[in-house]
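The structure appears below as structure tokens.
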Amino acid sequence: MSGLAYERLHANLRSLGLPTLERHLDGALEQGSKNERSLTEILDELFEQERKTRQANLVELRLRVAGFPVRKTLEEFDYKAQPSIDPKVIEELATLRFVHNAENVIFLGPAGVGKTHLAIALGLEAARSGLSVTYASAGRTLRKLKEAGERGVGERVLRNLGNARLLIFDEIGYLPWDRTMAHLFFRIVENRYERASTIFTSNKVYSEWGEVLGDPVLASAVLDRILHHSTTVNIKGESYRLRAKRRAGTPAPLLPMESRMAEKSHARTTEG
Ligand code: ADP
Ligand code: MG
């Protein structure tokens, strides 16, 4: 190949936005010159590498946009440590049918039993499969929304939350909300109802959501919409971290809230 053609080939691959292909070009040309593989095989591999890299970059971008506080995967989840969860239910959720059907998932249970882990892991699966995902920590997000409302940009922020194909609304119930926050929560749920799916996590059973929202009537309106098409996964037992500590020899007593939750949480139900 003439020097000119070679230079232009590199330049064209760059200007066409095929950086991976360009990076592998020299190796491929060398293989071609040695007649090691057919031209079809070489071209196929070059384009395949480009496609894979592009796809991986897109997933990485989607994950960054999602704003996960940590990355957790389903493979990392130890079902043996959490016998109250039926792996089949999580496997079904991992098919992401619930996202395509705009259904909700609610993980309930005491602190440390893997609610956030599972929510994020499902979010990761969704991002990998090309769906837009937004992670929102409930209290912080509602406070931010409230402030945005005071600055007159609340509607825009609210719309953004409504747009993701999958919203993860994590940690409902750790701190009580004021009236404005509770109403904003209702708006989020109302916006997404039968339109897009949300994964909620909470350390409070449904009967306690009235206290969290500070308004039992609003809580029942919220729950009515959330639960209409939904899967509730009730996780029982003790914190994974405390359990790991105890196994290492440190006695770890159950926190009062956790023992209360373990008693209160009822069987897993699937509705919708
Ligand atoms: P929660 O949201 O229920 O309070 P997390 O999901 O944050 O709990 O779990 C606390 C920590 O324990 C995380 O680091 C999580 O990855 C880990 N963890 C919890 N349950 C399991 C499990 N069954 N297998 C593996 N890791 C787990
Ligand atoms: Mg959590």
(request) Those residues that are within 12 Å of ligand 1 (Cβ to nearest atom) and open to solvent by 10 Å² or more (accessible area, probe 1.4 Å), I need them from segment 116-132; list them, please. (result) Thr116, His117
(request) Quickly run through segment 186-223 and pick out the residues that are surrounded by fewer than 15 Cβ atoms within 10 Å (Cβ to Cβ) and not in a helix (DSSP H, G or I). (result) Glu194, Arg195, Gly214
(message) Looking at Glu36, Glu45, Glu22, can you tell me which residue is at pLDDT below 90 and either surrounded by 11 or more Cβ atoms within 10 Å (Cβ to Cβ) or not in a helix (DSSP H, G or I) (or both)?
(response) Glu36
(request) Please specify each residue of segment 160-179 satisfying the condition of being assigned to a loop (DSSP other than H, G, I, E, B), within 16 Å of ligand 1 (Cβ to nearest atom) and either aromatic (Phe, Trp, Tyr) or under 17 Å from the mean Cα position of the chain (by Cα) (or both). (result) Tyr174
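Yes or no, residue by residue, for (1) of a type in the set (Ser, Thr, Tyr); (2) under 22 Å from Ile172 (Cβ atoms); (3) out of contact with any helix residue (DSSP H, G or I) (no Cβ under 8 Å at 6 or more places or on another chain):
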{"residue": "Val65", "(1), (2), (3)": "no, no, yes"}
{"residue": "Phe77", "(1), (2), (3)": "no, yes, no"}
{"residue": "Gln82", "(1), (2), (3)": "no, yes, no"}
{"residue": "Ile85", "(1), (2), (3)": "no, yes, no"}
{"residue": "Leu93", "(1), (2), (3)": "no, yes, no"}
{"residue": "Val105", "(1), (2), (3)": "no, yes, no"}
{"residue": "Leu108", "(1), (2), (3)": "no, yes, no"}
{"residue": "Lys115", "(1), (2), (3)": "no, yes, yes"}
{"residue": "Leu118", "(1), (2), (3)": "no, yes, no"}
(request) Kindly list the number of the only condition in (1) open to solvent by 30 Å² or more (accessible area, probe 1.4 Å); (2) within 16 Å of ligand 2 (Cβ to nearest atom) that fails for Asn163. (result) (2)
(request) Give segment 75-114 a look and list any residue that's within 9 Å of ligand 1 (Cβ to nearest atom) and either over 14 Å from Ser239 (Cα atoms) or open to solvent by less than 20 Å² (accessible area, probe 1.4 Å) (or both), or say none. (result) Glu76, Ala81, Gln82, Ile85, Phe107, Gly109, Pro110, Val113, Gly114
(message) If Phe185 meets every condition in (1) within 16 Å of ligand 2 (Cβ to nearest atom); (2) over 16 Å from Val105 (Cβ atoms); (3) aromatic (Phe, Trp, Tyr) apart from one, which number is that one?
(response) (1)
(request) Given the conditions (1) in contact with a Gly (Cβ under 9 Å, 6 or more places away or on another chain); (2) within 16 Å of Ala136 (Cα to Cα); (3) within 16 Å of ligand 2 (Cβ to nearest atom), report the number of the one that Val233 does not fulfil. (result) (2)
(message) Please verify whether Ala182 is in contact with a strand residue (DSSP E or B) (Cβ under 6 Å, 6 or more places away or on another chain) and either within 16 Å of ligand 1 (Cβ to nearest atom) or more than 30 Å from Arg54 (Cβ to Cβ) (or both), treating the condition exactly as stated.
(response) no
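The values are calculated or read from the model by the stated rules, or taken from the named source; none is laboratory data. Only a predicted model underlies this, so the values are computations on that prediction, with no experimental measurement involved. Counting neighbours? That spans all protein chains shown, and the Cβs are built from the backbone with ideal geometry, glycine included. Please note that ligands, DNA and RNA were not included when accessible areas were found on the heavy atoms of the full protein model with its side chains. Shrake-Rupley method; radii C 1.70, N 1.55, O 1.52, S 1.80 Å.
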